[in-house]
Ligand SMILES: Cc1cc2nc3c(=O)[nH]c(=O)nc-3n(C[C@H](O)[C@H](O)[C@H](O)COP(=O)(O)OP(=O)(O)OC[C@H]3O[C@@H](n4cnc5c(N)ncnc54)[C@H](O)[C@@H]3O)c2cc1C
């Protein structure tokens, strides 16, 4: 079988790898001049800036871990001790560890009564049935009861539990108000809190896709080749990309859902196109404030999270502590990650200015930064609101023969969601393919 995979983010790269492993011919077309999508790294003045993804999340990323083990790269991951300050509205700080959810219970802002309420809520969650895989959209759909995360969290963990645990935690991951999110992911994380551990490849999360491509011999990778059109042929499909045409038996479509909708319009039912187009996305901005000389070499925490939604930002991260080659020797960069709602009224200059003010508030006075780099996405992260998973999951059954969809949006943003969906798309395609070649050794 010959397949085309469109989009070389983690979803497309994983799909291409999975198909090649079984000996299929694969052309992977990517619009940009590099692989990685929203995980890619950008090099500027000696800094290795993450354009998107910050970290992998240990035991709750089982498919990513399995893939990296297969590629003999898992042992190269660098653990990240995310010592974290949670900042209160009045400037008080509480020290926790981001990947040890239970450490949040130690915050002095919580009374014993608050702590007991949270502990009881978490215990109830542990004992009740719930999703085991944090990034399997079909499983998350089964446990999505239509309630939003804010209502659930205030009802079960109490207002203080909501403010000091749910908001800083999920605000860092998704940067939107909790009322915009379904409960399923948070429930899945609570059920597996002991498996959480943060790590990063030495060159940043973008290296995951580089590793996958290196581990996929025989792949026909076409960079700077945006797919423009897919047309039906007598025996399969033609993919028109970057001035070339590719005659294939099947296509895995792995860019964001709006692009997938444009490419598939006319090939799939109009209701399916609508579901793809209606998939909610957040506006997203983060800023890297970069210093050639580190103004705070001994700062006691590497992450800061606000315990409220009154600030513009949802997280600050010291990049030098995240992975070894993030900053030039003696330098520092702070990633300031913004909440979505305030962005509607902000220009990129406003965002950059607010980021520098935030850095001073969180880490203390500093001279002018060497440079400030703004990453601003009109469509940053898919929003998994109540009903999202079931709507998106239903799309798989609506695709014609030989067309499969992949992307993190089937669950919610995260490398694991992308890897999971890429594998699933490739496996579904191979299960229906009439030609079964021998695996590549
Ligand atoms: C600021 C930010 C922080 C994040 N932090 C984390 C984190 O800490 N941990 C984590 O696990 N995840 C994180 N994520 C999410 C993670 O980056 C995504 O879940 C992941 O990149 C999704 O992979 P994907 O392959 O589905 O999509 P993408 O990475 O978006 O890849 C899609 C690819 O398709 C390509 N494409 C688009 N149109 C076409 C076309 N017409 N033809 C060909 N190619 C096309 C794009 O160029 C892109 O390369 C973060 C994301 C952002 C934005």
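Read-outs: derived from the displayed coordinates by stated rules, not from any lab. Since the structure is predicted, the reported quantities are computational estimates derived from the model, not experimental observations. Positions of Cβ are backbone-derived with ideal geometry, glycine not excepted, and every protein chain shown enters the neighbour counts.
Secondary structure note: in the chain, about 70% of the DSSP beta bridges are antiparallel.
Sorted ascending by nearby beta carbons within 10 Å, beginning with the fewest, 337, 174, 377 become 377, 337, 174. Across segment 97-170, Cα-Cα distances exceeding 14 Å account for 64% of all pairs.
Under the 0.36 nm per residue contour assumption, what length would be gained going from the current alpha-carbon distance of residue 81 and residue 298 to full extension?
The span from residue 81 to residue 298 would gain 76.6 nm if fully extended.
Taking a point 7 Å out from the Cα of residue 103 in the direction of its Cβ, the residues of segment 294-331 whose backbone N falls within less than 11 Å of it are 301-303.
Could you list 211, 296, 313 in order of exposure, starting from the residue whose Cβ has the fewest other Cβ atoms within 10 Å? Each step should come with its number before you reach the end.
Working: 211 21, 296 16, 313 26.
If I rank by nearby Cβ atoms, fewest first, I get 296, 211, 313.
In terms of packing, defined here as the mean over residues of other Cβ atoms within 10 angstrom, the peptides 351-360, 233-242, 123-132 line up highest first as 351-360, 233-242, 123-132. For the options 431, 285, 227, a Gaussian network treatment of the chain with springs between C-alpha atoms closer than 10 Å singles out 431 as fluctuating the most. Modelled spin labels at residue 195 and residue 277, positioned 7 Å past Cα toward Cβ, are 3.8 nm from each other. Here segment 297-392 is treated as a Stokes sphere of Kirkwood radius computed over C-alpha pairs; at 25 °C and 0.890 mPa s its diffusion coefficient rounds to 161 µm²/s. Using just its DSSP H runs of length 4 or more, each adding -39500 (n - 2.57), the chain gives a mean residue ellipticity at 222 nm of -9500 deg cm²/dmol after division by all residues.
Expressed as an acute angle from 0 to 90° and rounded to the nearest 10, what is the orientation of the C-alpha long axis of helix 415-432 relative to the principal long axis of the chain? Helix 415-432 sits roughly 20 degrees off the main axis of the chain. Can you bin segment 392-436 into rounded, prolate or oblate? Criterion: square roots of the alpha carbon gyration tensor eigenvalues sorted a ≥ b ≥ c, rounded for a/c under 1.5, prolate for a/b above b/c, oblate for the rest. Oblate is the answer for segment 392-436, as a/c is 1.5 or above yet b/c matches or exceeds a/b. Residues 245, 166, ranked from the fewest to the most other C-beta atoms within 10 Å, line up as 245, 166.
Relative to the current alpha-carbon distance between residue 90 and residue 69, full extension at 0.36 nm per residue lengthens the span by 3.0 nm.
Applying Stokes-Einstein at 4 °C and 1.567 mPa s to the Kirkwood radius of segment 180-219, computed over alpha-carbon pairs, gives a translational diffusion coefficient of 99 µm² s⁻¹. Shape verdict for segment 250-351, please, from the Cα gyration tensor: rounded (a/c under 1.5), prolate (a/b greater than b/c) or oblate. Prolate. Converting the Cα gyration tensor eigenvalues of the chain into ellipsoid dimensions via √(5λ) gives semi-axes, longest first, of 37, 25, 20 Å. The Cα center of segment 299-358 and the Cα center of segment 134-154 differ in position by 28 Å.
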